[in-house]
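Report on the following structure.
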């Protein structure tokens, strides 16, 4: 899992950059992230239910938050 993938997914989701989110879905090594993105994009483009769109959006954001919490970024101290 690559933390920048989660950062990118969060950024693209919050700013509505669906094309970039689609590219990230294909390139990421995290299968769960890819599936969450796919579910959201499908709901956004094809669903007539606002509730389903919001649910998949919230699910994607919840997963990103969970993944970033479980994979802390390693910091390097510079002296």
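The values are calculated or read from the model by the stated rules, or taken from the named source; none is laboratory data. Owing to the predicted nature of the structure, the values given are computational and were not obtained by experimental measurement. Here Cβ is always computed from backbone atoms with ideal geometry, including for glycine, and neighbour counts include all displayed protein chains.
Before moving on, here are some points about what is shown:
Residue-wise test of (1) modelled with pLDDT under 95; (2) out of contact with any helix residue (DSSP H, G or I) (no Cβ under 7 Å at 6 or more places or on another chain); (3) buried (at least 19 other Cβ atoms within 10 Å of the Cβ); (4) outside any helix (DSSP H, G or I).
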site	(1), (2), (3), (4)
7	yes, yes, no, no
24	no, no, yes, no
34	no, no, no, no
39	no, no, no, no
56	no, no, yes, no
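- So residue 44, is it modelled with pLDDT of 95 or more, over 12 Å from the mean Cα position of the chain (by Cα) and assigned to a helix (DSSP H, G or I): yes
- Residue in the range 9-22 that is nearest to the chain's Cα centre (by Cα), counting only those that are in contact (Cβ under 8 Å) with a residue 24 or more places away in the chain and either buried (at least 19 other Cβ atoms within 10 Å of the Cβ) or over 19 Å from residue 68 (Cα atoms) (or both): 9
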